[in-house]
Amino acid sequence: MNQGLQLRYYAAAGVIAAIVLNLLLRTFVRLGGVFTTLLIAAAIAAGLALVFHWRTGRAPSNAERWRFTLLYGGVLGLLYLGLLGMMYLQDTPSPMGLFLFSLHYLCYPVLAWLALSPRHGR
């Protein structure tokens, strides 16, 4: 299978997992805050890294790591921009609210970047 196509599937699986896990933990279990975001982002990143290593038998190269992080972070970024737009429709968020919102978003690509590190794939 083409490596670029395979990375798109990994990124799509990560985005779908982020949506489903956020929906389940925040709606039904009633967990919230940065801790829940870190928990979800770490679980997705670790799962994706393990599946990549299991299927390919190696750690991702730097180019694959960059491509995956950009795809994953880009799609999640678009979804977060949609959420930000909905927040602006209700009421203009404060600067601290925007900072926390950005922090929640950045957890996902940063933890994915760290989990796909070549030293963790040995």
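The values are calculated or read from the model by the stated rules, or taken from the named source; none is laboratory data. Worth saying up front: this structure is predicted, and the values here are computed from it rather than measured. So basically every Cβ, Gly included, is an ideal-geometry build from the backbone, and we count neighbours across all protein chains shown. The accessibility values were calculated without ligands, DNA or RNA, using every heavy atom of the protein model including side chains. Shrake-Rupley method; radii C 1.70, N 1.55, O 1.52, S 1.80 Å.
At-a-glance table
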| read-out | value |
| --- | --- |
| Within a Gaussian network of the chain (alpha carbon springs, distance under 10 Å), most fluctuating of Leu81, Leu111, Leu21 | Leu81 |
| Rounded to the nearest 10 Å², the accessible area of Phe35 at probe 1.4 Å | 150 Å² |
| Folded to 0 to 90 degrees: helix 95-115 orientation relative to the chain principal axis, Cα | 10 degrees |
| Accessible-area ranking of Ile40, Ile16, largest first, probe 1.4 Å | Ile16, Ile40 |
| Selected from Tyr80, Tyr105, Tyr72 as most flexible by GNM, with the chain as the system and alpha-carbon contacts under 10 Å | Tyr80 |
| Rounded Å value of the spacing that divides the Cα centres of segment 89-107 and segment 1-52 | 20 Å |
| Where segment 1-58 is the region considered: accessible area per residue in Å², 1.4 Å probe | 61 Å² |
| Exposure ranking of His104, His53 by accessible area [1.4 Å probe, largest first] | His53, His104 |
| Counted charge near Gly74, where neighbours are those whose Cβ lies closer than 15 Å (Asp, Glu -1; Lys, Arg +1) | +3 |
| Protein accessible area in the chain, 1.4 Å probe - carbon and sulfur % | 72 percent |
